[in-house]
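Enquirer: Structure below; questions to follow.
The values are calculated or read from the model by the stated rules, or taken from the named source; none is laboratory data. Remember, it's a predicted structure, so these values are computed and weren't measured experimentally. Reconstructed Cβ throughout: ideal geometry from the backbone, glycine too, with neighbour counts over all protein chains shown.
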Amino acid sequence: MRPATGRIPDNKGTLDPRFIYPMRSRGKSFSFYMLPSAFWSGIMAVLLFVPGSGYPSVSLSGTDLLIHAVLFGIWGFLTAQGFYKQAYWPVLRFYRGFAVLIIGVLWAVALEAVQGFLLWERSAGLEDYVADILGMFLGMLFLERLVRISRR
């Protein structure tokens, strides 16, 4: 048995988890990590509710679907990143893909329903739903790739 020396042992053999996994939580609250996603959700709602005449006209077909996919891709990335970084609910960190998919589908349905039923200048279609979900899925895949790279 070692005699007590009165000094704090230095753990030179252990690494600080913050440096091993740089994308992990820094002890902030759940809402802190979800703020970027909430902010982006508001921006998405404003952009998707503006009448089509408020945007410059583009003659390329499929531009609307690309815009939907990019908006939801960024949302999927930010939401999955918030679930990954938070430490309050470990189940959300582990099942972040499933949680983002469920919340994202509900968010897409809500936005498209408002576009289709409440806004006369906008329309909702099945291809918009598909673009939303595909973009969200690609955003989550991008985050998962970053997580795997950061663990190496």
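Enquirer: Just to be sure before I move on: is PHE72 part of a helix (DSSP H, G or I), at pLDDT 80 or above and out of contact with any strand residue (DSSP E or B) (no Cβ under 8 Å at 6 or more places or on another chain) in the structure I sent? Give the derivation first.
Expert: Working: part of a helix (DSSP H, G or I): yes; at pLDDT 80 or above: yes; out of contact with any strand residue (DSSP E or B) (no Cβ under 8 Å at 6 or more places or on another chain): yes.
For PHE72, the condition - part of a helix (DSSP H, G or I), at pLDDT 80 or above and out of contact with any strand residue (DSSP E or B) (no Cβ under 8 Å at 6 or more places or on another chain) - is met.
Enquirer: Do any helices (runs of 4 or more DSSP H) lying entirely in the stretch 81-152 carry at least 2 residues that are farther than 23 Å from LEU35 by Cα, touching a residue at least 60 places away in the same chain (Cβ under 8 Å) and of a type outside the set (S, T, N, Q), and which ones are they? Before the answer, list the steps.
Expert: Numbers: elements: 90-94, 96-113, 126-150.
Helices (runs of 4 or more DSSP H) meeting the threshold: 126-150.
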